[in-house]
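To keep things clear, I will list the structure first and then write my remarks on it.
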Amino acid sequence: MDFFQYKANAKRNTFWLYVLFAVALLAITLAVYAAVTVSFYILPAFWRDFESPQQFWQWQRFLYVSLAASVFILAGSWYKIYQLKKGGGIAIAQMLGGTRLSKSNDPQERQLRNIIEEMAVASGVPTPAIFILEQQGINAFASGYAYQDTAIAVTRGAMDMLNRDEMQGVIAHEFSHLLHGDTLLKMKMMGLLHGITMISDVGIVMIAGRNTISHSNYKGGSHPALMLSGVLFFAIGLIGMLAADMIKAAMSRQREYLADASAVQFTRNPEGIAGALKVMGGYKAGSRLRLPEVQQVSHLFFGDALQSWWQSNWWATHPPLVARIKRIDPRFRGKIPKLQESAVRARNLEQANMMFAPPPSAEQLQTQVDSVMQSIGEPTTNHLSAAQHILAKIPEDVRERLFEEEMAKSMCYLLLLDEDKDIQRTQLATVSRNDSSQVLRELIRLQQMMPKVDVNLRLPLLDMVLPQLSMIQGEQRRLFLNTLKQLIEANRKLSLFEYLLHQSIVNVVNHDEKQRGDKFIAIESLKYEVAALLFMVCLQCKAQTSKRIQKEALGELFPGYHIKVTLEPSLAEVVKGLKKLNLCSFADKKRLLQAVVYCVLSDGVVHPEEVETMRFIAMMLECPMPLLVG
């Protein structure tokens, strides 16, 4: 479903909202007529001069009552819609006590702002106003009539308990509502349903009224007749509230599923939003909010914000949490573990602090670069401890069988499987067609045991299976390399990891075909190749200063020279250049790797993908680099 279909559906849903509102209005009007008529029968018991009606149903009375009730409800709805249009999404956030996020030094608040600004730029819409709700529950909402007056509010609990990927999934969900017209629909719904729920307010006024009908004996409160009538109107108001909840449920549930799917499509990371939902389910406070206005805005939130006293809330505004997770993650078995809240808080705060930590000074950076360079070929006990920690994440049964050829090939295939299920099916069909049934069975088994391979595990796993791959000979070697190529091409996109992985395997499998001369190539003759390689390394960095970092690294490597990569080099060009750079002397390779390490460490934030790329490059230069520690 594309943007225009979403918009058409939103328009159609608006029509059905008006239909449901009209049905609810008719039902409540009939109920009000019944309450008024019953009141007429009650009044003679307290007011002798008042005559009770001759018959229950009377068209003239129905006309007056229905007209008055309709005008009252429609006036309430119109006024609420007018208020919402005038204030936009910001008015909703302020009504709920949200604090607008301005300039802040808090790392988690800065992280939230960055995520929302990134989404806005990527979507091509103005950046929404950002609000923080001081609530423990994990939740968020988007509101607004048009792109220009939108707001996104996030609870403090969400900021504390969700990591960056999970928060990005939640914000992507809210942006889906903004982009596809859901927020406009929900704002209209909020305005229309306000009139329906106002009937209960009339009942409350009648029950609590004072000095009514000049009845001196009841100066301390309502007249009994008026109180009984108020109870009837309050009951009708409760029915109206129930009808409003059912309308919200009918209009909202499917939109939540669609927004979840859109968030996955937007971020290409199903683990983000699925992880957020799992954290919400394992968190003691859940998604519940303690706000007096939460009832009327419950349909706006990412998760169920209401405190439900019943188990089976079939008219809830949100689908069941487990059902939402299963739609995103089919492997989910329905059990959500209890969250270790203090540990999660500490970890998320540490990650946010790292993101906004000031870059290291020149002296600190040089010390870090020297430390990494000294570790090449000289691992320490710290590296051994880090390796033990990483390898412990591999299932024992898998580790014990990685020396087998079928398992080694299956592991390589696993590392190349796409997250998209349709593409995965194509890739599995390719393996079935090109390789043995045993390899396919091992691959499916591996996929079940390791559904998402940690980035930090990918290169260690490859290191462990490379010796087995070198034993593949003849036609089996050709078929294996061809299968790898087809798996990479299945999604019609080529990542740096895929290219370097393929090249590393090709180098090992074709080891007997390698030829290396005795003469070295001077690195000064490969300036463009170096610039292209550093350009690709800096591309892995999330920092906005990546171009400056590349320029500084080149300046250190080639003082006085100005090299500029005008066009983004292809991965093929980078790897071709890396092969040439492998023919340099080890002294030149040391200078090159120093420049690569400098690019990775300069911004003070090291991502797993950057470390992986750095170690791949060292591997292809025949300079084994251990795990990054410290």
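The values are calculated or read from the model by the stated rules, or taken from the named source; none is laboratory data. The structure displayed is predicted, hence computed values, not measured ones. In this analysis, Cβ positions are derived from the backbone assuming ideal geometry, glycine residues included, and neighbour counts consider all displayed protein chains. Heads up: the accessible areas ignore ligands, DNA and RNA and are worked out on the full protein's heavy atoms, side chains in. Shrake-Rupley method; radii C 1.70, N 1.55, O 1.52, S 1.80 Å.
May I ask you to derive the FRET efficiency for VAL455 and LEU63 from their Cβ-Cβ distance with R0 = 60 Å, giving the value to the nearest 0.05? Intermediate results must be reported in sequence, preceding the final value.
Working: r = 71 Å, r/R0 = 1.18.
My answer for the efficiency is 0.25.
Calculated FRET efficiency, ASN382 to PHE356, Cβ-Cβ distance, R0 = 25 Å: about 0.40 to the nearest 0.05. Rounded to the nearest 20, the size of the Cβ-charge dipole of segment 333-478 about its Cα centre is 640 debye, with Lys and Arg at +1 and Asp and Glu at -1.
Could you list the square roots of 5 times each eigenvalue of the Cα gyration tensor of segment 375-450, that is, the equivalent ellipsoid semi-axes, sorted largest first and rounded to whole Å? Before the final figure, lay out the partial values.
Numbers: eigenvalues 172, 37, 27 Å².
Semi-axis lengths for segment 375-450 are 29, 14, 12 Å.
Full extension of the chain between ILE444 and VAL38 gives 139.2 nm of extra length, using 0.36 nm per residue less the Cα-Cα distance.
What net charge do the residues around PHE302 carry, taking every other residue with its C-beta under 13 Å from that of PHE302, with Lys and Arg at +1 and Asp and Glu at -1? Counting the neighbours of PHE302, the net charge comes to -2.
Mind ordering 410-418, 89-97 by average Cβ neighbours within 10 Å, highest first?
410-418, 89-97
For segment 357-505, the spread of Cα coordinates along the three principal axes comes to 55, 33, 30 Å, biggest extent given first.
Below 8 Å, C-alpha to C-alpha, sequence gap of six or more: please give me the relative contact order for segment 92-174 in percent.
Numbers: 121 pairs, mean separation 24.8, N = 83.
About 30 percent, as a whole number.
In this rough spin-label picture, where each label sits 7 Å from Cα along the Cβ direction, the MET373-GLU118 distance is 3.2 nm.
To the nearest 0.05, how large is the calculated FRET efficiency for GLU293 and ALA323 if R₀ is 25 Å and r is the Cβ-Cβ distance? Write down the numbers at each step before the final one.
Numbers: r = 27 Å, r/R0 = 1.09.
So the FRET efficiency works out to roughly 0.35.
A straight chain from VAL23 to TYR79 at 0.36 nm per residue would run longer than the Cα-Cα distance by 18.1 nm. In terms of accessible area, using a 1.4 Å probe and ignoring ligands and nucleic acids, GLU396, GLU552 rank largest first as GLU396, GLU552. With each label modelled as a point 7 angstrom along the Cα→C-beta vector, the ALA572-LYS493 pair spans 2.1 nm. For the set SER385, SER77, the ranking by accessible area, highest first and with no ligand, DNA or RNA atoms included, is SER385, SER77 under a 1.4 Å probe.
Projected label points at ARG478 and GLU552, each 7 Å from Cα along the beta carbon direction, are separated by 5.1 nanometres.
Were the residues from TYR528 through ASP165 laid out at 0.36 nm apart, the gain over their Cα-Cα distance would be 127.1 nm.
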